[in-house]
2 protein chains.
Amino acid sequence: MRAEIIAVGSELLTPFRLDTNSLFLTSQLNQLGIRVIHKAVVGDGPDEMRSSFRHALDRAELVVSSGGLGPTDDDRTRQTVAELLGRKLHTDPHILQYIKQRFQRFRPGRVMPEINARQALVPEGATVLPNPKGTAPGLWLEANGHIVILLPGVPAELQALFEAEVKPRLARFAEPMRLFTRELRITGLPESEVETRVSPLYALYPNTETTILASPPGIQLHPSVWSDDAGKAERLLDEIVDRMALALGEHLFSTRGEALEEVVGRILTENRATIAVAESCTGGLLAERLTNVPGSSIYFLGGVVCYSNDLKTRLVDVPPALLESKGAVSPEVAMALAEGIRKRTGATIGIGVTGIAGPGGGSPEKPVGLAYIGIADERGPRQKEFRFVGDRDRIRLFASQSALDMARRYFLLPSYGRS
Amino acid sequence: MRAEIIAVGSELLTPFRLDTNSLFLTSQLNQLGIRVIHKAVVGDGPDEMRSSFRHALDRAELVVSSGGLGPTDDDRTRQTVAELLGRKLHTDPHILQYIKQRFQRFRPGRVMPEINARQALVPEGATVLPNPKGTAPGLWLEANGHIVILLPGVPAELQALFEAEVKPRLARFAEPMRLFTRELRITGLPESEVETRVSPLYALYPNTETTILASPPGIQLHPSVWSDDAGKAERLLDEIVDRMALALGEHLFSTRGEALEEVVGRILTENRATIAVAESCTGGLLAERLTNVPGSSIYFLGGVVCYSNDLKTRLVDVPPALLESKGAVSPEVAMALAEGIRKRTGATIGIGVTGIAGPGGGSPEKPVGLAYIGIADERGPRQKEFRFVGDRDRIRLFASQSALDMARRYFLLPSYGRS
């Protein structure tokens, strides 16, 4: 079964609001083996709404909408769909009673405003889906082999109503074919290079589909397969993932959708190692990413954000003469930062980041985007030079990513970090 | 002119991804007086994509799409739209040359992979819109009184390309009625309280519309008005904003959509003051937010992320006896962190944050979400207690927000921070 999701509401066509209900609905539908092939956002205007529902019915067997079931003049989903399907509307006395009771319960002393009676209008032949968290009930309509489900737009109401009323009814349409998927995370390769490396596999696995997704600072690959046999699907995905891993080499850092900082945390824990960081251009982002992982206090000892030269000396003992002779953005200072924070904290490895995030501060010799990342262990420091492209945010993001990746590779490839 | 926005990409039909480009596009189009009447998200399948573009052309004079212009097999927007409009595709030698040059510039020694040549395909009669930030150019097509604009899906590329190439071309279609809007940012009040304070104003300004948006860790208010008279519209918005400011008091920190860290940076600069931070539970997020602002090196001296008690002592001189007697999460340690980092760095004000971000580490006396934030100036430290609700991310975000807000209020209300 193929589904389309329509979000109704003029506020969703402003620059300020996104429809988020469709993420919940997609997750629920996919679990029932139902594919979402199209999503639409439409305002309160009857013409556009009618057009949207009509085209959805052309494309999909199931149409699920959210919003436009409220009591005001703007709430026209009920009427528009009834007209489109050629159904008359009538007032359902049970719903009217329920709404009146809700008013008495939640707003003692207030009677139901007359406009709320609109919420009791039901198209002929529709099944009413009681709303456990609000006044507007959902509606289930079947017509010409299609199912149309109208849900309220408030996320808590939509979710409660879906769980209680829609899911059990959709279960009988659940497909034996369900979607199985993996999430591979790659860093240090551009999207086109990832594609070049893995695309020869597509022909070998014609029944799978792989989505490639640039998700700066990394790339994601989502191989997926629809199958009615979970064991078979998982084995097939194992095989594809193994081959992709071979093609991607050390650039692949997770086959289960982990963030790079989670992987670094896992590796540090496995190696009973600790880390500390001294950052300049990343301004705390590296420490922030490392500590974003629950339980990171086991391996993350601490960090220093030293913007001024003075603080590089006072907080992590970078020699003033070195800052003077080489400049703050230099391989030597990156190594001194790494070595300094390691010695101050007693961590297994220290990381030092220095660079020019921009927009100001660049020069022909040291342009915006230039960064040096140092890594130090008990045998001393080493460093790498990077030239990042983009704006301040992007440079900081990629610098923190490269620093995390150096920490990962330190443990992954002994020759890289420890020779 | 009425516009429709189509986001192309199968990943946008998963439970994991939302199309966010449409917010930027809507804002830009509204500023030109162009209303967005419908938005769609469609996968890579040619049938659904064709159906989506065809119906969009039925409804709107302008269709703007994002995504599907990459170099891979999945990227079919170009071909699908060319077919739909009955245009042949040909390879544009200038684009091909540009892509090859970009490869040489950013990846010295690497030649362009063959698949990237697809990005040089152009439908007959289309205007090529150069992409300043990537390889995929945008395309502008006109057919039967309609305009179709194809843009890349990467937000930075889409935005740069829109600003440079699309906006000037659309200017000649700009309508006299344009949307004027303001963006108010509020912190420290729940959405319902903001609504209660400002909603009495709605009836006084029937021709304006105000969107309220929970955008953790704050609330945004967007009063807006469609008008063909810029002066009149701006005066009306000035008046509404003034009344809203009165209702919101010191919780309102920007009337022009600034981030709290930008406001803090501006206030520090105006006061020729400097800041330094010592963080525990926020793990670098506070420093990261402060340094995210271009030019922050003028007022941000540095920070320390001290997770372990040992480092709280070694890096910012928190007395071990204090940690022992009061515990790391205590008002006294928050003040010692603020005082310690201020003394170490010589900053005008020092901020100290200590708390329990969870999910582990809580106890009945000191539950997850408890945090103390200290602020110190030359007269010594003071502190505030907070009890944040939610998961680790949310607690860290709200703790960093509260710390920034204490810095803002320090300069805003002398009696608060300096009495």
Neighbours of residue B:306 by Cβ distance under 13 Å: Lys/Arg at +1, Asp/Glu at -1, summed charge +1
Between residue B:20 and residues 5 or more places away or on another chain, which pairs have amide H atoms under 5 Å apart, with H built 1.01 Å from N, and which residues are they?
none
In peptide A:43-55, what is the residue-averaged number of other protein chain Cβ atoms found within 10 Å of each Cβ?
3
Centroid-to-centroid separation of region B:109-166 and region B:301-379 [C-alpha atoms, Å]
51 Å
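Which of rounded, prolate, oblate describes chain A, given a ≥ b ≥ c as roots of the alpha-carbon gyration tensor eigenvalues and a/c under 1.5 marking rounded, otherwise prolate only if a/b is larger than b/c?
Taking the square roots of the gyration eigenvalues as a ≥ b ≥ c, chain A is prolate.
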Indicate the gyration tensor shape class of region B:7-89 (rounded, prolate or oblate), computed on the Cα atoms with a ≥ b ≥ c the square roots of the eigenvalues: a/c under 1.5 is rounded; otherwise a/b larger than b/c is prolate and the rest oblate.
oblate
Dipole of the protein assembly as shown, positive direction: furthest Cα of A:298, A:210, B:213, with charges on the beta-carbon
A:298
Sum up the charges of everything whose Cβ sits under 12 Å from the Cβ of residue A:95, counting Lys and Arg as +1 and Asp and Glu as -1, but leave residue A:95 out.
+3
Name the residue farthest towards the positive end of the dipole of region A:1-143 from the options A:121, A:79, A:98, assuming +1 on Cβ of Lys and Arg, -1 on Cβ of Asp and Glu, about the Cα centre.
A:98
For residue B:278, other-chain or 5+-apart residues with amide H closer than 5 Å (H placed, Pro excluded) are B:304, B:351, B:352, B:353
The exposure ranking of A:105, B:266, fewest beta-carbon neighbours within 10 Å first, is A:105, B:266
How shielded is A:306-313 by partner chains, expressed as the average number of their Cβ atoms within 10 Å of its Cβ atoms?
5
Can you put A:13, A:246 in order, fewest other beta carbons within 10 Å first?
A:246, A:13
Looking at chain A, send over the antiparallel percent of its DSSP beta bridges, to the nearest 5.
60 percent
Relative exposure of A:354, B:26, B:187, A:269, judged by other C-beta atoms within 10 Å (fewest first)
A:269, B:187, B:26, A:354
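Rounded, prolate or oblate for region A:315-419? Axes are the square roots of the Cα gyration tensor eigenvalues, ordered a ≥ b ≥ c, and the cut-off for rounded is a/c under 1.5.
Cα axes put region A:315-419 in the oblate bin.
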Please list, in order along region A:325-333, the HN-Hα scalar couplings obtained from phi with the Karplus expression 6.51 cos²θ - 1.76 cosθ + 1.60 (θ = phi - 60°), rounded to whole Hz, x for Gly and Pro.
7, 9, x, 5, 9, 7, x, 5, 5
I need the inter-copy label distances for residue B:387: point set 7 Å along Cα to C-beta, values in nm with one decimal, smallest first.
5.6
Any lysines with Cα under 26 Å of the residue B:133 Cα? List them, leaving off those in the same chain fewer than 8 positions away.
A:366, A:384, B:39, B:100, B:167
Which ³J(HN,Hα) values in Hz, rounded to whole numbers, follow from the phi angles of region A:215-232 under the Karplus curve 6.51 cos²θ - 1.76 cosθ + 1.60, where θ = phi - 60° and Gly and Pro get x?
9, x, x, x, 10, 10, 10, 10, x, 8, 8, 8, 8, 9, 10, 4, x, 5
Unit charges on C-beta of K, R, D, E only; dipole of the protein assembly as shown, Debye:
1180 debye
Enter the Cα centre distance for the pair region B:183-240 and region A:48-89, rounded to the nearest angstrom.
30 Å
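Counting only other residues whose beta carbon sits under 14 Å from that of residue A:74, what net charge do I get with K and R as +1, D and E as -1?
With Lys, Arg at +1 and Asp, Glu at -1, the net is -3.
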Within 10 Å of each Cβ of B:288-300, how many other protein chain Cβ atoms are there on average?
5
How large is ³J(HN,Hα) for each residue in region A:70-79, as worked out from phi by the Karplus curve 6.51 cos²θ - 1.76 cosθ + 1.60 (θ = phi - 60°), to whole Hz, x for Gly and Pro?
x, x, 8, 4, 6, 8, 10, 4, 3, 5
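Every read-out reported here was derived from the displayed coordinates using simple, explicitly stated rules and does not represent laboratory data. This structure is a prediction, so every number in the text was calculated from the model and none was measured. Neighbour counts are summed over all protein chains in view; Cβ atoms, including those assigned to glycine, are modelled from backbone coordinates with ideal geometry.
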